[in-house]
Amino acid sequence: MELACPHCLAVNRVPDDRLTDAPKCGKCSSPLLPGKPVDLTAASFDRFIAKAGLPVLVDFWADWCGPCKMMAPIFQQVAAEMGTRVRFAKVDTEAHPQVSMRHHIKGIPSLILFRNGQEAARTSGAMESHALKRWLASQGIQ
């Protein structure tokens, strides 16, 4: 499997059976699957999504959004639990409005699941961890 490094965006080859072995980037030595959401920018979004290797769940949020702040630790917790099955990323809609406009984000928090660089599913609104895991399971991610 090819995984984009969340730090330098270099593409790394990692055997599927080694995903749980804390693989590191061959270029910058950063963890490829850090167990926490990756902050994406307008400059990094497309390359990371296209070369993620695993499905990517992106949380579109803003600092002024109360539900976003309530959901942030839940998103972080689920990322730590499921980080070898799906990659977790965040986009600050205030700092990178072009990304949220391109993906037609109308309310936040909004979650979009990408597979092979394409949108596969989306949902809006804050969720508890069990609801987020149930939604991921309904998308085939266990």
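Within the range 29-45, one or more residues are more than 29 Å from Ala126 (Cβ to Cβ), surrounded by fewer than 17 Cβ atoms within 10 Å (Cβ to Cβ) and touching a residue at least 12 places away in the same chain (Cβ under 8 Å).
Pick from the range 61-74 the residues that are out of contact with any Cys (no Cβ under 9 Å at 6 or more places or on another chain) and of a type outside the set (A, V, I, L, M): which of them is surrounded by the most Cβ atoms within 10 Å (Cβ to Cβ)? The residue in question is Cys68. Pick from the range 86-118 the residues that are charged (D, E, K, R) and surrounded by fewer than 20 Cβ atoms within 10 Å (Cβ to Cβ): which of them is nearest to Leu19 (Cα to Cα)? So the residue we want is Arg115.
Residues in the range 5-48 that are within 16 Å of Ala79 (Cβ to Cβ) and among the hydrophobic types (A, V, I, L, M, F, W, C): Leu19, Ala22, Leu32, Leu33, Val38, Leu40, Phe48.
Which residue out of Val78, Val91 is modelled with pLDDT of 95 or more, closer than 20 Å to Met127 by Cα and assigned to a strand (DSSP E or B)? Exactly one residue qualifies, and that residue is Val91. Can you confirm whether Leu9 is touching a Lys or Arg at 6+ places or on another chain (Cβ under 6 Å) and either assigned to a loop (DSSP other than H, G, I, E, B) or open to solvent by 70 Å² or more (accessible area, probe 1.4 Å) (or both)? So Leu9 fits the description; yes. For the range 97-142, residues that are among the hydroxyl-bearing types (Ser, Thr, Tyr) and either more than 11 Å from Phe60 (Cα to Cα) or part of a helix (DSSP H, G or I) (or both) total 3. In the range 69-80, the residues that are touching a residue at least 40 places away in the same chain (Cβ under 8 Å) form Cβ pairs under 6 Å with partners that are among the polar types (S, T, N, Q), at six or more places apart or across chains, as follows: Ile74/Ser129; Gln77/Ser129; Val78/Ser129. The set of residues in the range 119-134 that are open to solvent by less than 40 Å² (accessible area, probe 1.4 Å) and touching a residue at least 24 places away in the same chain (Cβ under 8 Å) comprises Gly125, Met127, Ser129, Leu132.
The values are calculated or read from the model by the stated rules, or taken from the named source; none is laboratory data. Being a predicted model, the structure only gives us computed values, none of them experimental. Every residue, glycine as well, gets a Cβ built from its backbone with ideal geometry; the counts of neighbours run over all protein chains shown. Ligands, DNA and RNA are stripped out before the accessible areas are found, and what is left, the full protein with its side chains, is counted by its heavy atoms. Shrake-Rupley method; radii C 1.70, N 1.55, O 1.52, S 1.80 Å.
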